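Chemist: Sharing a structure, written as structure tokens. Questions coming.
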Amino acid sequence: MIRPGHINEVNPDSGNWIYIDIGFSNKSKSCGLLFGNNEPEEVLFNEAVEKICAFIKESSLPINLVVEAPLSVSFDKKGNPKGRKIEKQKEKTRYWYVGLGCVVLVGALYLLRAISNLNHSQEVRLFEGFISFKNKNEKSNHSKDVKILREIVNSSNKQNEVISEAELRMDATDKLQSSFLVSGLDYGIPPVLMRNG
């Protein structure tokens, strides 16, 4: 069973943790992948899917899966795509429906489809990672991003780093839904683990 995680499950002892910074590339190792307290690795998309599925099948504990991709989407009251509150910082935006947001959303869909097709007994709890707003001099680093997500989970002070569904809407009339509902998969609205600054 795949379901959205709960905020009170954002702690290192609530199950086995997997962190993935999804890249959806044909030739480059564009995915950062981290299992629990191990060291991160950078792998091709298919390798990430295979390793995650194998880990889930072998696990004797619930799985907490943190995916650095939009796991929920927002629409305005007319049904047009709209950014979520976390996707705007001052003049900068990283909306789920623009550019790279769409690419990694599709990658996440294929990952979750593979997990849903597995024959396994463990519960998989979803958490969204959001490490999109970086300093100008900070280069993208998939291994570093998954380590940041693990730091949030391991932190004793998670204030303003774990975002609930209620905090994602820009306006009360915005409609939030699972990113995967369009393909017949509804995994609810997972909490977002977000790095500040």
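The values are calculated or read from the model by the stated rules, or taken from the named source; none is laboratory data. Given the structure is predicted, the values throughout are model-derived calculations rather than measurements. As a convention, Cβ positions derive from the backbone with ideal geometry for all residues, glycine included, and neighbour counts pool all protein chains shown.
Chemist: Hey, any hits in the range 93-103 for a residue that's among the charged types (D, E, K, R) and surrounded by 15 or more Cβ atoms within 10 Å (Cβ to Cβ)?
Modeler: Yes, the range 93-103 contains a residue that is among the charged types (D, E, K, R) and surrounded by 15 or more Cβ atoms within 10 Å (Cβ to Cβ).
Chemist: Kindly indicate which of 90, 57 is among the basic types (Lys, Arg), loosely packed, with under 15 Cβ neighbours inside 10 Å and at positive phi.
Modeler: The match here is 90.
Chemist: Please verify whether the range 162-169 includes one or more residues that are of a type in the set (Val, Ile, Thr), assigned to a loop (DSSP other than H, G, I, E, B) and under 14 Å from the mean Cα position of the chain (by Cα).
Modeler: no
Chemist: Here is a follow-up. Does residue 18 satisfy being of a type in the set (A, V, I, L, M, F, W, C) and in a strand (DSSP E or B)?
Modeler: yes
Chemist: Going through 42, 50 one at a time, which residue ends up being in a strand (DSSP E or B) and farther than 18 Å from residue 193 by Cβ?
Modeler: Every option except 42 fails the conditions.
Chemist: Taking interchain pairs and intrachain pairs at least six residues apart, which have beta carbon atoms under 9 angstrom, with the first residue in the range 154-177 and over 17 Å from residue 4 (Cβ atoms) and modelled with pLDDT of 90 or more and the second aliphatic (A, V, I, L, M) and assigned to a loop (DSSP other than H, G, I, E, B)?
Modeler: 174/168
Chemist: Also, quick follow-up: Considering 36, 107, 32, 23, which residue is touching a Phe, Trp or Tyr at 6+ places or on another chain (Cβ under 6 Å), in contact (Cβ under 8 Å) with a residue 12 or more places away in the chain and under 14 Å from residue 146 (Cβ atoms)?
Modeler: Exactly one of 36, 107, 32, 23 is touching a Phe, Trp or Tyr at 6+ places or on another chain (Cβ under 6 Å), in contact (Cβ under 8 Å) with a residue 12 or more places away in the chain and under 14 Å from residue 146 (Cβ atoms), namely 36.
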